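To start, the structure itself, in structure tokens.
The values are calculated or read from the model by the stated rules, or taken from the named source; none is laboratory data. The model shown is predicted, which means the values in this text are computed figures rather than measured ones. Cβ placement follows ideal geometry from the backbone for every residue including glycine, while neighbour counts extend to all protein chains displayed.
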Amino acid sequence: MIITKKAMSRRTLLRGLGAAVALPLLDAMVPAATALGQTPAAPVMRFGAVYVPNGVTVQQWFPETEGKAFEFTRILKPLEPFRDRLLVLSELDSTPPPPPGTSDFSHAKASTKFLTDVFPYRKLRAGTSMDQIAARVLGQDTALPSLELALESVEFGTVCDYGSCIYTGTISWAGPTEPLPMETDPAAAFERLFGDDTTDPVARRARLEEKGSILDSLLEEVVGLKQEVGPADRSKLEGYLENIRDVEQRIQNAAAYNVELPAVSRPSGIPATFEEHAKLMFDVQVLGYQGDVTRVATFMYGRELSGRSYPEIGVPDAHHPISHHRNDPERMERCARINEFHVTLFKYYLDRLAATPDGDGSLLDQVAIIYGAGMSDGNAHSQKKLPLLIAGGGAGRLKPGRHIRFADETPMANLHLTLLDKLGVPVEEIGDSTGPLNID
């Protein structure tokens, strides 16, 4: 690795035993463009999606007031500290017309349409999802075009629509017949970010078997790098490497926990609780953005028809059956508790993004994350008036801090069209889109 004070490449890597660690945006990289007589690069915008299965308790989601003075409802209340980084969106529908002869499997179409805006066919076929449309362009500048994560695999439970779990188990499609698997193991996701495919696999296995940190093999390079950069960059670099070590240690602890169990249904390396698993996967996404390893990430709390229970918050009921609450107040209360729990964990993600420096601001300033569900009321399987919000500043291309209510029957596809344009990946149409939205 060659480093000069004139220009450090944005693509500088620290290479160690079985690892290739990209660096966060350092001040030493900013003069690189000016040293060549170029204008410094604009802030990099990232895109993410966080998917909630089985709908929400809509009565406790949507604010009544539009504009900047909107109130935070019970479910959204945990996000109140981020008022100035939220766009709460109402009246968006996901109702593209079904192909002829297609059965109306509500859960399959909820997750499939969430980013594709295309109704799933009975024979495997949908559409290219907007995250993958963005990744084709944004991924040209990163080691990993996109990252697809989930907390629940399609093997978890047996109930699926269309006789197949493919539609309910992913929200990302590389093409109409190319659903992308969602990774549930934090260790595997971590390896995708930092594994170096050019390194001898025997050496990599040796490191993993010894449970050594990837950072231990980078010490010499890190020391050399610190001598070449200023105090602010040294502090930023130390924080980034500490975050990597923390995530790696938590993954190793989870693997050790699993080894002690005689039989488990989850893969090795998955934490014991839903909360620990979610936080670890959120931290993996933060690392991916922070090192600019990827600029596109999708994440599912659970697959559609999820039967997960939440005894840790006093909801021992399986999620999907309880989502059919039949307007029973007690069952609706339990559903709302699940929704609130999910939002509380999303706040953890926003906290981590806000605490991570990037350029002149934080990662939260540079990202746009869609959070929501593919159906509104799980009891009615409705896919009108979806519960949706966008978190982040979008690298200055968004104007958050508002609740926007659109006209009735506005396609969610119009939101995707608008966000792709903000990402610098404009397209003429996607799914049943009718035109861009005014969110400025």
Is it the case, given these coordinates, that residue 276 is at pLDDT below 85, touching a helix residue (DSSP H, G or I) at 6+ places or on another chain (Cβ under 9 Å) and crowded, with 16+ Cβ neighbours inside 10 Å?
no
Assuming residue 91 fulfils every condition listed in (1) at positive phi; (2) assigned to a loop (DSSP other than H, G, I, E, B) apart from one, which condition is it?
(2)
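Within the group 141, 185, 161, which residue is modelled with pLDDT under 90, of a type in the set (Asp, Glu) and within 27 Å of residue 373 (Cβ to Cβ)? It would help to see each step written out before you state the result.
Working: 141 fails: within 27 Å of residue 373 (Cβ to Cβ); 185 fails: modelled with pLDDT under 90.
Just a single option satisfies the conditions, and that option is 161.
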Where the second residue is of a type outside the set (Phe, Trp, Tyr) and modelled with pLDDT of 95 or more and the first is at positive phi and assigned by TED's automatic domain parsing to the domain that holds residue 293 and lies in the range 126-142, which pairs have Cβ atoms under 6 Å and are six or more apart or on separate chains?
none
By residue number, the members of the range 101-152 that are within 17 Å of residue 51 (Cα to Cα) and touching a Leu at 6+ places or on another chain (Cβ under 6 Å) are 107, 129, 130, 131, 148
Quick check: is even one residue across the range 229-241 within 21 Å of the chain's Cα centre (by Cα) and either among the hydrophobic types (A, V, I, L, M, F, W, C) or at pLDDT 90 or above (or both)?
no
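Given the condition closer than 23 Å to residue 297 by Cβ and polar (S, T, N, Q), answer yes or no: does some residue in the range 370-390 qualify? Even if it seems obvious, please write down each step before you answer.
Taking the range 370-390 as the starting set, the residues that turn out to be closer than 23 Å to residue 297 by Cβ are 370-375, 386-390.
This time we only want the ones that are polar (S, T, N, Q), so: none.
Checked against the condition, which is being closer than 23 Å to residue 297 by Cβ and polar (S, T, N, Q), the range 370-390 yields no hits at all.
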Cβ-Cβ below 9 Å, separation at least six or inter-chain, first residue in the range 217-232 and under 20 Å from residue 194 (Cα atoms), second hydroxyl-bearing (Ser, Thr, Tyr) and not in a helix (DSSP H, G or I): which pairs?
225/12
Among the residues of the range 115-126, is there at least one that is modelled with pLDDT of 90 or more, among the aromatic types (Phe, Trp, Tyr) and not in a loop (DSSP other than H, G, I, E, B)?
no
Show the residue pairs that are 6+ apart or on different chains and have beta-carbon atoms under 8 Å apart, the first residue being within the range 286-300 and in a strand (DSSP E or B), the second being of a type in the set (Phe, Trp, Tyr).
296/47; 297/47; 297/289; 298/51; 299/51; 299/282; 300/51
Pull up the range 4-25, narrow it to residues that are under 14 Å from residue 220 (Cβ atoms) and in a strand (DSSP E or B), then point me to the one that is modelled with the highest pLDDT.
21
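If we scan the range 102-114, do we find a residue that is of a type in the set (S, T, N, Q), crowded, with 22+ Cβ neighbours inside 10 Å, under 22 Å from residue 387 (Cα atoms) and assigned by TED's automatic domain parsing to the domain that holds residue 415? Don't jump to the end; show me each part of the working.
Let us first name the residues in the range 102-114 that are of a type in the set (S, T, N, Q), namely 102-103, 106, 111-112.
Restricting the remaining residues to those that are crowded, with 22+ Cβ neighbours inside 10 Å gives 111-112.
Then keep just the ones that are under 22 Å from residue 387 (Cα atoms); that gives 111-112.
Going one step further and asking which of them are assigned by TED's automatic domain parsing to the domain that holds residue 415, we end up with 111-112.
Yes, the range 102-114 contains a residue that is of a type in the set (S, T, N, Q), crowded, with 22+ Cβ neighbours inside 10 Å, under 22 Å from residue 387 (Cα atoms) and assigned by TED's automatic domain parsing to the domain that holds residue 415.
Quick check on my filter: what residues within the range 40-72 are on the phi > 0 side of the Ramachandran plot and either among the polar types (S, T, N, Q) or assigned to a loop (DSSP other than H, G, I, E, B) (or both)? Step through it out loud before you land on a result.
Step one: list which residues in the range 40-72 are on the phi > 0 side of the Ramachandran plot, which gives 54-55, 67.
Answer for the range 40-72, where residues must be on the phi > 0 side of the Ramachandran plot and either among the polar types (S, T, N, Q) or assigned to a loop (DSSP other than H, G, I, E, B) (or both): 54, 55.
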